[in-house]
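Throughout, read-outs are computed from the coordinates displayed, never taken from laboratory work. All figures in this text were calculated on a predicted structure; none of them were measured in a lab. Using ideal geometry, Cβ is built from the backbone for each residue, glycine included, and neighbour counts are taken over all protein chains shown.
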Amino acid sequence: MALRLGIAAGNPLGVQAATEVAHAGGNAIDACLAAAVMAWVAEPFFASIGGGGFIAVRRPGMATEIIDGNTGMPQTPPAEPGQGLRRIFVPDYADGIYMGIGAGSVGVPGVLAAVRTAWERHGRIEWPALFAPAITAARSGIPFPRTSSYYLSCTWQEIWSLDPGSSALFAVDGRPFQEGDHFVQPELADTLEQVADGGPSVFYSGALAGEIAAALAEGGGFLGSSDLDVYRPEVRAPIASEIFGWRVESNPPPAVGGVGLAHMLALLDATKLGDPLERLRAIVGAQRSAMGFRSDRYQDPADVANAWEDALNGMRSPSTTHTSTADSEGAVCSFTESIGYGAGIVVHGILLNNSLGEEELNPLGVHRLLPGSRCHSNMAPTVATGPGRIVALGSPGASRIVGAIGQTLIRLALDGDSLAEAVSGARAHFDLRPEGETLCFEPGLPGEDLTYIARPYDDIHMYFGAVQAASVTPDGAVDAAHDPRRSGASVLV
């Protein structure tokens, strides 16, 4: 009997790719990987083979595992901090943020290595089949996506117009691409074909590695071909917490996203979440506490685990995309990936990350990570097990990831919402800004009744993340839902 799958992805083409793989005999893990690979084509600026990611997998009879393919610090540090970096400010995206771009901002990409490891450990279909839909889309072209168009309009002058490769790729008739423009990526199609035929070694130790290293050296960067050659993904046990009768497993240290989620959930008390105002007060208070502890203690990735133990002892109780899948055998997969805000550099069709330039991901300071260590990450692919269902979920959204997932879990566990209701419900986000403690919130929440600077939104907004979720029940019934805040899609096959 053929598997039934629930698929939710950040773009419709990702859902189509996952569906093709499912029809060809793939399981939830194959489908999730195919959708994630398609994101490298269909969600420019949010995902790339030149970025990083984390994959959460749970199969029947097996413990949940997290495959860490996050970006890393090169083995040889720069001659001086800031080498090859250009600091910029983006005022109209994510309410303004400073970041570093350029060759010195590129961390060692790990997402492809994570895809390979997940496929080797859990996949069922042939390796090239994961890439076939993405190769076709890159070569034939796609309508330029709405969310990518918005991001490009905010960052064209500051980031993507500066490098000849990126300006040629993302402009037509002298202007940056707009929603619906026909977007063709022949060089990326060639890259994906090489990887499909030859495996990840083509990227990590072949000609592509040399091409990437040479381009970065020309721009003053310090990531070399040897850094790519020695990169290995890590398979880790998740960090686990309990909330309202559900077991929640997420991304463990040295990443900080799953720890922040566990921290937030541990501070919530079901008895205080019945009244809308009291619920919002409790959620924001938990966010505020988790954020404050992160600022104080979750600074050094090498010390996140120790800081989390201290947090437990003291308790009473950015650009990214995500795919979630579930199959009728009981397997679920949750995959979050990112290139940060992008370094503004394109090599052979590959957009390179700016993980070493994002101030939020480098709290120790620019280029202060230990050589060969993993970068900080807010990504938190999650598997939640509750009465009658297992749910894979996750979200993009930088510092808003934890809140997006946490508020979705509250609706699932406490309110008994369907997946669609849970991922679309109104959200709030606490933010410590120069002007003071600020509460951003969507319509339907009583944010103005709390004692923070109120920043109400007129409608649901991509600022608050985009949770994709898929679930399976003990009898094999699957479900999936995508977040209406971004250009996602979901399907049952």
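Numerical summary
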read-out	value
Neighbour-count ranking [beta-carbon atoms within 10 angstrom, fewest first] of Phe54, Phe203	Phe203, Phe54
Charge tally in the Cβ shell below 10 Å around Thr321, where Lys, Arg are +1 and Asp, Glu are -1, Thr321 excluded	-1
Whole-Hz ³J(HN,Hα) from phi, Karplus 6.51 cos²θ - 1.76 cosθ + 1.60, for segment 181-189, glycine and proline x	4, 6, 10, 10, 10, x, 5, 5, 4
20 Å-binned pair-distance histogram of the chain (Cα, whole percent)	26, 60, 13
Mean separation of Cα contacts under 8 Å (6+ apart) over length of segment 120-213, as relative contact order %	38
Expected 222 nm ellipticity per residue - DSSP helices of 4 or more, -39500 (n - 2.57), all of the chain, to 500	-10000 deg cm²/dmol
Packing-based exposure ordering (other Cβ within 10 Å, fewest first) of Phe46, Phe222, Phe131	Phe222, Phe131, Phe46
Rounded Å value of the spacing that divides the Cα centres of segment 387-454 and segment 146-191	32
Disulfide-incompatible cysteines by the Cβ rule (no partner under 4.7 Å) in the chain	Cys154, Cys375, Cys440
Val235-Asp459 pseudo-label distance in nm [points 7 Å out on the Cα-to-Cβ vector]	4.5
3J(HN,Hα) from dihedral phi, segment 478-490, Karplus parametrisation 6.51/-1.76/1.60, rounded to Hz, x for glycine, proline	10, 8, 7, 8, 10, 7, x, 6, 10, 7, x, 7, 8
Hz values of 3J(HN,Hα) by residue in segment 19-25 - Karplus curve (6.51, -1.76, 1.60), Gly and Pro given as x	5, 4, 5, 4, 5, 8, x
Segment 1-48-segment 220-295 distance, computed between alpha-carbon centres (Å)	25
Other-chain or far-sequence residues with amide H under 5 Å of Gly141's (modelled H)	Gln185
Cut-off 10 Å between beta-carbons: net charge of the residues surrounding Gly357, Lys and Arg +1, Asp and Glu -1	0
13 Å beta-carbon shell around Pro145, net charge (K/R +1, D/E -1)	-1
Residue order, fewest to most beta carbons within 10 Å, for Phe244, Phe89	Phe89, Phe244
